[in-house]
1. Consider residue 150 carefully, then state whether it is at pLDDT 95 or above and more than 15 Å from the chain's Cα centre (by Cα).
2. Checking residue 188 against (1) outside any strand (DSSP E or B); (2) surrounded by fewer than 18 Cβ atoms within 10 Å (Cβ to Cβ), which single condition isn't satisfied?
3. State which residue is surrounded by the most Cβ atoms within 10 Å (Cβ to Cβ) when the search covers only the range 394-406 and only residues that are at pLDDT 85 or above and in a helix (DSSP H, G or I).
4. Would you point out the residue of the range 411-425, among those that are in a loop (DSSP other than H, G, I, E, B) and either in contact (Cβ under 8 Å) with a residue 24 or more places away in the chain or assigned by TED's automatic domain parsing to the domain that holds residue 376 (or both), that is nearest to residue 67 (Cα to Cα)?
5. For the range 324-349, give me each residue that is surrounded by 15 or more Cβ atoms within 10 Å (Cβ to Cβ) and under 17 Å from residue 73 (Cβ atoms).
6. If we scan the range 434-449, do we find a residue that is modelled with pLDDT of 85 or more and either exposed (fewer than 10 other Cβ atoms within 10 Å of the Cβ) or touching a strand residue (DSSP E or B) at 6+ places or on another chain (Cβ under 8 Å) (or both)?
7. Can you say whether residue 216 is touching a helix residue (DSSP H, G or I) at 6+ places or on another chain (Cβ under 9 Å) and part of a loop (DSSP other than H, G, I, E, B), as far as the supplied structure shows?
8. Assuming residue 236 fulfils every condition listed in (1) at pLDDT below 85; (2) in the same structural domain as residue 136 (by TED's automatic domain parsing); (3) out of contact with any helix residue (DSSP H, G or I) (no Cβ under 6 Å at 6 or more places or on another chain) apart from one, which condition is it?
């Protein structure tokens, strides 16, 4: 099938062309050694002093740590929400979703695939939802419709690392290929007839002119990371050579400093340990040790620039004042980071909603009428204390007389669906127990009827 193999070649060439940039983004995130970051004028031996600066990882992890999906909301179809939540848990998306978000921020995009369960899958009534890295998967997106027109995933065969495999996703079918003698050979296919490609991209920093997404590790963040790496290397070199006061001896034979010529004796003298010479003409002087605060000041200035570009709070980059900040000051310093996380949640949430809608099509289930109104529920990315949140929710609930009901208060406090269901059961038990106790009390009061008046003895009246 030459048309399919040509499509595989085109998509794999695009993936190979992006590999260099993706390798660079991974190097910055992992803070791995980069030769170009220290410059060509640095002596080769000094390059071993290069320090790993982890600002890109700190920035991306700070965002990813605040992106937690708690569930989905569909007001008129609570049963559908429970079904979607079951899909979410069965596919381990509590853990996998964070990996997809981080991968999208590092490389600009990641992907989510939806498939019908196979005969060997554990759950036959739940779609198989998997997250994929942009290092081994690529999709072609129509700029007008914003729909995926084709997608390719490259991987290695199980137990055979030298055997290449490929999965080609098209709107009406999914094809499986194996590479033999440098040629792609069709090994199988699934005619699903969905009319859409069962692949949903997670795009980061998407633009109207660039629907493929961009890395969150921007050029300015890379440049300041390189500059900090260079400054740290220079500071280590200065500390190695000039931080210890240097001493000069005149009129002293070198054999008197190191009689045996051993490296240990030379090092002892280098480290300014006490030594004596017998030459009466010998004189000594000392250079002033180098001051390293100029390097510290430059690093602090670079950290301030990184904070201005990324929105990271000062305490994250360790240049805040000595006095501990108040809770209000901390929340104020995190405002830009929180707003950035809210934007990411809105952007990524739309992709997860499309995934769940696609799950109904893959499973052949009739979706709810208002499935287009499906909404992703994200945890609050800010950092309020639990006591402050509980106080605010209690005031809104006001013991049942406020503006929100009890269930909404529990949702705002962050309780999961299972926890809220258990709380409802406890509420019903408490209400039933209270009703039984009230009925028992009422029965006890009314069981004997009204008290009868006391009757006098007729004999006593006659005696009287």
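1. When the stated conditions are applied, residue 150 passes them.
2. (1)
3. Checking each candidate, the answer is 397.
4. Ranking the qualifying residues of the range 411-425, first place goes to 414.
5. The answer is 342, 345, 348, 349.
6. no
7. Criteria met by residue 216.
8. With (1) at pLDDT below 85; (2) in the same structural domain as residue 136 (by TED's automatic domain parsing); (3) out of contact with any helix residue (DSSP H, G or I) (no Cβ under 6 Å at 6 or more places or on another chain) applied to residue 236, the lone miss is (3).
The values are calculated or read from the model by the stated rules, or taken from the named source; none is laboratory data. Computed from a predicted model, the values in this text were never measured in an experiment. Note that we place each Cβ from the backbone using ideal geometry, even for glycine, and neighbour counts take in every protein chain shown.
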